[in-house]
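What follows is a single structure, written as C-alpha cells, with notes after it.
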Amino acid sequence: MGRAPGAVRAADIDRHALADRLHSLAIHLLRRIKRGDDESGLSAPRLSALSVIIYRGPISLTELAKAEGVTAPTMTRLVQALVRAGLVDRNVNKTDNRRVLLRTTAAGRQTLDVARANRLAALEELLRRLDADQASFVERAVSTLEPLFRS
C-alpha cells in the first residue's frame, strides 16, 4: 500500500528541524496577532501579568514573578503600573497580614478581554484564508498539541 502524496513516515521526521520550524512559526504567529494589543494601551509583559492575575489569582507578587519568569523587583515595577492604571488591586491576605495578594479589577478584566478579542480576531482572519481541508488539518494539529502544553 502506498502513502498519500506528500505524506511523511513518522520515522523519517527530523524532530529537531520540526521543532525549529514550530518555534519560528510560534514567534511569527504571536507577532502577527499581538498587533491589536496596542489598543489596550499595555505592553506585552503587562498584558501577560494581568492575564496570570485574572486566571490564577488572587496571587502573590512572588508567585506572579515566578509564573512570568522575572525577578521580584521587575514584577514589582510592572504591578505598580497596573495598580496605578486601576487594573489591579493589592489586598492583604486575611489569614496572614504580611502577605499581599493581587486581584484584577473590573477595568483590568475588560482591558484583557478587549486585547484577547483583538488577538482572536486577527487569528481568525488568518484561519479564514485556509480551505476546509487545511482548516481541518490545523484543528487536528491543535487538538494533538493542546495536551502537551497543558500538562
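In table form, for the structure just shown:
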read-out: Point-charge dipole on Cβ atoms (K/R +1, D/E -1) for the chain, about Cα centre, debye to 20; value: 520
read-out: Neighbourhood charge, 13 Å Cβ-Cβ cut-off, centred on Ser48 and excluding it, Lys, Arg +1 and Asp, Glu -1; value: +3
read-out: At R0 = 22 Å, FRET efficiency that the Cβ-Cβ distance of Glu124 and Ala17 yields, to 0.05; value: 0.15
read-out: For the chain, built as a Gaussian network whose Cα springs stay under 10 Å, the top-fluctuating residue of Gln134, Gln80, Gln110; value: Gln134
read-out: Using alpha-carbon coordinates, inclination of helix 132-149 to the longest axis of the chain, degrees; value: 50
read-out: Lys/Arg +1, Asp/Glu -1 at C-beta; the chain dipole; positive extreme among Thr76, Ser48, Ser151; value: Thr76
read-out: Sorted peptide list for 22-34, 62-74, criterion being average Cβ within 10 angstrom, highest first; value: 62-74, 22-34
read-out: Cβ-defined net charge surrounding Ala26, 13 Å radius [Lys, Arg +1; Asp, Glu -1]; value: +3
read-out: Net charge over other residues, Cβ less than 15 angstrom from the Cβ of Arg103 (K, R count +1; D, E count -1); value: +3
read-out: Degrees, to the nearest 10: 15-33 long Cα axis against longest axis of the chain; value: 50
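Where a number appears in this text, it was derived from the coordinates with a stated rule and is not lab data. Every value quoted in this text rests on a predicted model; they were computed, and no experiment measured them. A quick note on method: Cβ atoms are made from the backbone with ideal geometry, for glycine too, and the neighbour counts reach across all protein chains shown.
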